[in-house]
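Undergrad: Below: one structure in structure tokens.
The values are calculated or read from the model by the stated rules, or taken from the named source; none is laboratory data. Keep in mind it's a predicted model, so treat the numbers as computed, not measured. We place every Cβ from the backbone using ideal geometry, glycine too, and count neighbours over all the protein chains shown.
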């Protein structure tokens, strides 16, 4: 579809003359309006890319029209036409958001140049907006990187749950990204235009947490000098994310159960309930079933929360995603620290793939961030590791001296081989030929080793 230019001027002859000239010189659709009111009427009905308007018109002046256009659609490019002697007003228009101005009588070549540049600016602004929107949609899964089967299943669960309005319980170890999942569910839902309020339950004392969640009225307690909205009310028509729900006190569990059942809250100091429209997403790293057995968590609340469940994998369960995560965190750290992007040496990547990650993705991110800050060069090498890790490519700090040397050696070799295969195949996306070339092992021999250690190639393939 060609670009559209709207010309606004109260001089009819000039208006039609510009219409003919522009149509001949620029491949575009031209609309005309004899005053600002007509121009606004057209803008409300027609998609317009550029407005060429006189600054001095009866009724709605050019600067007033400019202000209304910017309020209607900031992406529209506005070029001001000004008579000789009104340059000061043209400069004022530029400061108010106009793209450029042209002076009457026109230099036709200059006018066409300004209009072409203005249309180009409009295309860039709209394309940037389109890409930003696309990026925002992709950023619903920000920091959630992975091509492993558990991560693919996680993404599918998020997509499905975001299309509903049910309560969601997110389960996972510390550092697996439970808040990222909550954000993704919210951003992909029909509540995304409202805010998601996050509450970290263990960080506040019980009495303070209650007032924060449900709010209070003036005089409810000492120093309650005015009414205060609670976080549930602030999240109205949006989402509230209750992190570490397993740490809620029995009293707050009871009040939360009433919120889920009745869809209403009662601020402290009042007997009046208030209706709310809030989606609840909760998360915990604790075993709630065990807490139910010891009567530390209400069973009826658990079933109210556990309508939709998301189980996050630990980083140790998705080791094949570590290279992708490392690349993402290297780029992120470079932006945060305002430094050129760094890379990880092969030896150090092998270390990352082989070690355990009790802190999961958060631990990996903090590790990469620290290494980027510690490294002056472009490549991060094993020099960033503690000396004992540099000396030992395999763990030897828990040797069982009740076993003979031969047995220990076989176990060490087996562990090294498994780690090496995992690192190698993750690097080549499961391509045996490439792996054989890198390792210097004949393809047939490598296939036998892979089979002997029961390594599944599918989990490394994209």
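Undergrad: Would you call residue 322 part of a helix (DSSP H, G or I), at pLDDT 90 or above and not assigned by TED's automatic domain parsing to the domain that holds residue 239?
TA: On the way: part of a helix (DSSP H, G or I): yes; at pLDDT 90 or above: yes; not assigned by TED's automatic domain parsing to the domain that holds residue 239: yes.
Spelling it out, residue 322 is indeed part of a helix (DSSP H, G or I), at pLDDT 90 or above and not assigned by TED's automatic domain parsing to the domain that holds residue 239.
Undergrad: If you don't mind, there's one more thing I want to ask. Residues that are at pLDDT 85 or above, in contact with a helix residue (DSSP H, G or I) (Cβ under 8 Å, 6 or more places away or on another chain) and surrounded by 12 or more Cβ atoms within 10 Å (Cβ to Cβ): list the helices (runs of 4 or more DSSP H) wholly contained in region 362-462 that include at least 1 such residues. Talk me through it step by step, then tell me what you get.
TA: Values: elements: 387-391, 405-427, 432-439, 443-452.
Here the list reads 405-427, 432-439, 443-452.
Undergrad: Further question: Has region 234-242 got at least one residue that is more than 22 Å from the chain's Cα centre (by Cα) and buried (at least 19 other Cβ atoms within 10 Å of the Cβ)?
TA: The answer is no; no qualifying residue exists.
Undergrad: Next question. Could you please let me know if residue 276 is buried (at least 20 other Cβ atoms within 10 Å of the Cβ), assigned by TED's automatic domain parsing to the domain that holds residue 295 and touching a helix residue (DSSP H, G or I) at 6+ places or on another chain (Cβ under 9 Å)?
TA: Values: buried (at least 20 other Cβ atoms within 10 Å of the Cβ): no; assigned by TED's automatic domain parsing to the domain that holds residue 295: yes; touching a helix residue (DSSP H, G or I) at 6+ places or on another chain (Cβ under 9 Å): yes.
Considered against the rule, which asks whether it is buried (at least 20 other Cβ atoms within 10 Å of the Cβ), assigned by TED's automatic domain parsing to the domain that holds residue 295 and touching a helix residue (DSSP H, G or I) at 6+ places or on another chain (Cβ under 9 Å), residue 276 comes out as no.
Undergrad: Just checking, does region 217-228 include any residue being modelled with pLDDT of 90 or more and either buried (at least 20 other Cβ atoms within 10 Å of the Cβ) or more than 17 Å from residue 161 (Cβ to Cβ) (or both)?
TA: Residues of region 217-228 that are modelled with pLDDT of 90 or more, as a first pass: none.
Within region 217-228, not a single residue is modelled with pLDDT of 90 or more and either buried (at least 20 other Cβ atoms within 10 Å of the Cβ) or more than 17 Å from residue 161 (Cβ to Cβ) (or both).
Undergrad: Here's another thing I want to ask about it. Would region 33-40 turn up any residue that is touching a strand residue (DSSP E or B) at 6+ places or on another chain (Cβ under 6 Å), within 18 Å of residue 11 (Cβ to Cβ), at pLDDT 90 or above and part of a helix (DSSP H, G or I)? Spell out the reasoning first.
TA: Here is the first cut: in region 33-40, the ones touching a strand residue (DSSP E or B) at 6+ places or on another chain (Cβ under 6 Å) are 33, 39.
Restricting the remaining residues to those that are within 18 Å of residue 11 (Cβ to Cβ) gives 33, 39.
Next, only the ones that are at pLDDT 90 or above stay: 33, 39.
Adding the requirement that they be part of a helix (DSSP H, G or I) leaves 39.
Yes.
Undergrad: Which number in (1) at pLDDT 95 or above; (2) at positive phi marks the one condition that residue 7 misses?
TA: (2)
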